[in-house]
Amino acid sequence: MTHNKIIIDYLNEKLEIQNFYELTREYYRNLRLDFSEIISVKQAVVNVYKYGEVHFVCFEYYTYWKSWSGMFDKSYRNKHIICQDNLNEILSIICSYSSQYGNINSLITGTDEEKKLFEALLYKYDSKRAYRFCNGYNIRDYTLVSEQDFIKASKEIEDINGARLQAKKLSIYEKKYNNILSGGKWDLGSTDIPQETFDKWVKKQNDKISKASLLYMKIADTKLYSSEDLMTIKDKVETRKRQLNCCIIEFERRKLQDDYGDIAITKERLLSQINEMTFNDARELYKNFKRNSYELKGKTEEINSSVQPVLNEYISFYENAANFVSNYLNQINKKRNGLRPIPEKDLLSMFNYFYGTNDYLEVIQKRKELNYGFNREKGRKGERNVNYALQWLSRDYVVLNDGNSITLKNDEYGPYRQEYDNIVIGPQGIFLIETKYYSGEIRVNKNGDWYKVKDSKTCGISNPLQQIEQHEKLMGSIVGTDIPITNIICMAHPKVIIKGRKNCQVPIVRCDRIAYYIENNKTDKKTLTDLDIQHIKKKIMEHSVLNGSIIQSIS
C-alpha cells in the first residue's frame, strides 16, 4: 500500500466536496488576513508533497470565522488533503511517513500569504521541540519523527498550547486596551480654548473610555487573571475617567471664573472695601450679585453633573454676598424708610459664610479684627507707595526706613517712644512724613477739624496734628533745635480728594508729588553739607529702638 493510497483512502471517508469557484472568490476577498487575531485553525488544505504549500484554511477569529483559499489544479484530489475538525489526526498520518520526505529543513515555498498561513498552522500544531521562524520563514528546527512521537508531544503540550493561545488572545486585548488609554492627549493642558473645541475633545475621550471598557470585559471573560489583577487592569480606565472628569471640572471652573470672577479674591475685596462704599455703589453691587445668583441657578440643568459642586460654590457665594451687601445697606439706611429685611436663616448663613460663625457677638468681634487687619494692610500699602516715591529723590538726600516705620526714643527727653512713617534728611534739613491712606473725600474745616464724606454724610476722623507735633518735639531733642524740621502729611491713596488744605497747619501732599515737594522746599536757614547730613543720620540711628533698622542711603 503506497503512502498516497493510505491518505486517499482516508480522505475518501473525510472529504467534503468544495465549490472551487466560490473558493476562488473567497481567495480574492480574504487575501489579506490579520493573523495576530487568529484563535485557531478549523480547516486546512495542505500539499502532501510540499509541506510549505497551503491552499485553503478556515480560521476562527474572536467574533467570526474567515476562510482563505488558493487556486487548485486538476490533480487536486491526488496532491492535496483536507483537514477538517481533526487536524491532529491527518497530521499524524503525514508525520508517520515523514521519513520518505525527510525533515522539513528548507525554506517554505509559495507566496508570502502562504507562508503566513503555514506559520499559523504550525503555531497550533507543533511538536515538543517547537520551531523558530526567522525573516525567511526558516523552519529547520521543526522536526516530525514519528506518529507516536507527534501524538505524545501533542498531548504533552496541549494545555501549554491552549494557555499560549489564550495568552496571545489576552495580550492582543491588553495591547489594544493599553494603546487606547495611553494614546492621544488626556491632559487638556490649557483651558483657554473655545467651548466647541473642548466639547469635541471630551467626546473623543469618552469614546476611548467606552472602547477600553468593552475590551476590559473581554479580558475579564478570559478568566486568566485573579480579581486583584483585574482590579489593577481596570484601574487604568478608572484613572482616565477621573482624569477626564478633573479636566471637565477645571475647564468649567475657569469658565465660571472668567465670567463671574474668582471667589476668594472677590470675597476678600468685598470684606476689605465694604465699609468704604457709598450707598449707591453698594446698591449697584447688590443688584449685580443678585443677577449673578439668578444666572448661575439657571445653569444647573445645562451643566455637566460633575461640575455641579463647582457651580454650587458660586451660587452659594453670590447668594451670601448679596445678603452681606444688603445687610450693609440696611445699616446705612436704618434711619430711613425702605429697609430690606433679610430672613434670619439667610442672615445666619451669611454670617457663617463670611465670618465662620453665626453668633452675633462673635460676628461683631470678627468684623473688628478684620477691619483692623485691613486698615493695617492699607497703612502698609500707603507706606510702600511713599517709599517708592522717595526713591526718586536726588542723591543729595538720605532716606531712613526699616521697611515699615522707624521707632525712636530719647531717655533724656522722656520715657516715651514715637513711631515715624518716613524720615528724609537733605540740604534743607529733616522732613518727617506722616502717611495716610484715606480714600474718598476728605475735608478740613476752618477750625482744622478733619472729616470724611460718605453718602452726603460727614463723619469726623482723627486729626493727625497732635501726633505730628509729638514727632517734631522728640526729633528736636535728638538732633537739636538748630536743625530745620519740616512736617508733611502724605496722602498715599491715588483716588483721594482733599478739600480745605489751606485750613491745615501742616502741608498736605499727594504721594506722586512728594519727591518734587521735598526737593523744591525752600528754607531761609543755612544749607546742610554732606558731612552734616551724615552726622544727623548717625545721631538719629543712635536713638533707634530697633538695632536692625535698615538705612537706605541715596547719597
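For segment 477-548, state the average projected area of the convex hull of the C-alpha atoms over all orientations, rounded to one decimal in nm². Don't jump to the answer; show the numbers that get you there.
On the way: hull surface 28.2 nm².
Reported value for the Cα convex hull: 7.1 nm².
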In whole Å, largest first, the alpha carbons of segment 385-456 cover along the principal axes 44, 35, 24
Using amide H atoms built 1.01 Å from N in the peptide plane, name the residues 5+ places from I498, or on other chains, whose amide H lies under 5 Å from its own. I442
Sort L432, L348 so that the residue with the fewest other Cβ atoms within 10 Å of its own Cβ comes first and the one with the most comes last. L348, L432
Give me the net charge for the shell around Y294: Cβ to Cβ below 12 angstrom, other residues only, Lys and Arg +1, Asp and Glu -1. +3
I want to verify the translational diffusion coefficient of segment 380-553 in µm²/s; compute it with Stokes-Einstein, Rh as the Kirkwood radius over Cα pairs, at 4 °C and 1.567 mPa s. 77 µm²/s
Report the local net charge at H543: Lys and Arg +1, Asp and Glu -1, summed over other residues whose C-beta lies under 11 Å from its C-beta. +1
Identify, among H543, T481, S439, the residue whose Cα sits farthest towards the positive end of the charge dipole of segment 380-553, taking +1 on the Cβ of Lys and Arg and -1 on the Cβ of Asp and Glu, with the dipole about the Cα centre. S439
From phi via Karplus (6.51, -1.76, 1.60), per-residue ³J(HN,Hα) for segment 484-496 in Hz, x at Gly/Pro: x, 10, 10, 9, 9, 9, 9, 8, 8, 6, x, 10, 6
Of all GluC sites (Glu not before Pro) in segment 300-376, the ones in DSSP coil with at most 12 other Cβ atoms within 10 Å are E301, E302
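What does the charge count around V363 come to, taking other residues whose C-beta lies under 15 Å from its C-beta (Lys +1, Arg +1, Asp -1, Glu -1)? Kindly include the intermediate steps, with their values, before the conclusion.
Working: positive: K366, R367, K368; negative: E344, D346, D359, E362, E369.
Charge balance near V363 sits at -2.
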Quick numbers on segment 235-306, Rg and Dmax over C-alpha atoms in Å, give 17.1, 57
Relative contact order (%) - criterion: Cα under 8 Å, at least six apart; region: segment 169-259: 45 percent
Computed over segment 169-259, the distribution of all Cα-Cα distances in 10 Å bins, rounded to whole %, is 15, 43, 24, 13, 4, 0
For peptides 471-477, 456-462, 421-427, 284-290, sequence by mean Cβ density within 10 Å, most packed first: 421-427, 471-477, 284-290, 456-462
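Between R513 and K223, what FRET efficiency follows from the Cβ-Cβ distance if R0 is 60 Å, with the result rounded to 0.05? Numbers along the way, then the final one.
Working: r = 85 Å, r/R0 = 1.41.
Result of the calculation: an efficiency of 0.10.
FYI, it's all coordinate maths here, none of it is from the lab. Nothing here was measured: the structure is a model prediction, and the numbers come from that model. Every residue, glycine among them, receives a Cβ derived from its backbone with ideal geometry; neighbour counts consider all protein chains shown.
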